[in-house]
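Below you'll find the structure, written out as structure tokens, and then a few comments.
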Amino acid sequence: MFIPEKTYKTIISLMPIPAVEAIIINSKNDLLVLKRNNPPAKGEWWFPGGRIRRGDTFSQTLKREVKEETGLDVEMLGFIGVYERLFPERHDIPLVFLCRCKDDQKVTLNSEHSDYKFLNVNRAFAELHKMLKEVLADMFGKNLVKFQ
């Protein structure tokens, strides 16, 4: 299921990569963000996610990526939208979903991330990358979850 590194670099240089991202909330409606170790967006706080593999559904991809990156099992609550991420080194097209995690689960990061935190909505709008703020604005506009 894995593309050899050299082949994947060629693919990234030639075409956009379809991916998923998860906005994960806990019982307090705080958002989980992870500090990225790798490009693109190295050093930024970001939502977990990754590329869609051939044969995987969006749901399978989302649950696999979240489990790999955080150790969490999540429940999908809704679809937020499709976005475009234009980075100098690549072009991603993530489908973003809202998910919930249970509070009794422990976050366990893989090597892709150095840290994590849960942010309330106000801090998220103040601290996150402008690409993620766009998603949050869309999420609130669609009233997928009532944050009070």
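The values are calculated or read from the model by the stated rules, or taken from the named source; none is laboratory data. Everything numeric in this text was worked out from a predicted model, so none of it was measured. With ideal geometry, Cβ positions are generated from the backbone for all residues, glycine too; neighbour counts draw on all protein chains shown.
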Self-check item: the stretch 25-47: number of residues that are out of contact with any His (no Cβ under 8 Å at 6 or more places or on another chain), assigned to a loop (DSSP other than H, G, I, E, B) and either touching a residue at least 60 places away in the same chain (Cβ under 8 Å) or not basic (Lys, Arg) (or both)
Solution: 10
Practice problem: Kindly check whether there is at least one residue in the stretch 1-15 that is within 17 Å of the chain's Cα centre (by Cα), touching a residue at least 24 places away in the same chain (Cβ under 8 Å) and surrounded by fewer than 18 Cβ atoms within 10 Å (Cβ to Cβ). | Solution: no
Quiz item: In the stretch 27-47, what residues are under 17 Å from Phe125 (Cα atoms) and not aliphatic (A, V, I, L, M)?
Solution: Lys28, Asn29, Asp30, Lys35, Glu44, Trp45, Trp46, Phe47
Quiz item: Would the stretch 122-145 turn up any residue that is of a type outside the set (S, T, N, Q), in contact with a Ser or Thr (Cβ under 9 Å, 6 or more places away or on another chain) and buried (at least 18 other Cβ atoms within 10 Å of the Cβ)?
Solution: no
Quiz item: Looking at the stretch 69-108, which of its residues are surrounded by fewer than 16 Cβ atoms within 10 Å (Cβ to Cβ), more than 14 Å from the chain's Cα centre (by Cα) and of a type in the set (A, V, I, L, M, F, W, C)?
Solution: Leu77, Leu86, Phe87
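Looking at the structure I just gave you, is Leu86 hydrophobic (A, V, I, L, M, F, W, C) and under 17 Å from Pro48 (Cα atoms)?
no
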Quiz item: Only one of (1) of a type in the set (Lys, Arg); (2) surrounded by fewer than 17 Cβ atoms within 10 Å (Cβ to Cβ); (3) within 18 Å of Ala19 (Cβ to Cβ) is not met by Arg36, so which one is it?
Solution: (2)
Quiz item: Within the bounds of the stretch 65-84, is there any residue that is of a type outside the set (A, V, I, L, M), assigned to a strand (DSSP E or B) and under 20 Å from Lys42 (Cα atoms)?
Solution: no
Exercise. Quick one: which residue in Phe125, Phe140, Phe118 is modelled with pLDDT of 85 or more, not β-branched (Val, Ile, Thr) and not in a strand (DSSP E or B)?
Key: Phe125
Exercise. Evaluate the following for Leu62: is it within 22 Å of Phe140 (Cβ to Cβ), aliphatic (A, V, I, L, M) and surrounded by 13 or more Cβ atoms within 10 Å (Cβ to Cβ)?
Key: yes
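Hey, among the residues in the stretch 22-65 that are among the small types (Gly, Ala, Ser) and farther than 16 Å from Met76 by Cβ, which one's nearest to the chain's Cα centre (by Cα)?
Among those that are among the small types (Gly, Ala, Ser) and farther than 16 Å from Met76 by Cβ, it is Ala41.
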Quiz item: Within the stretch 99-112, is even one residue under 22 Å from Asp138 (Cα atoms) and modelled with pLDDT of 95 or more?
Solution: yes
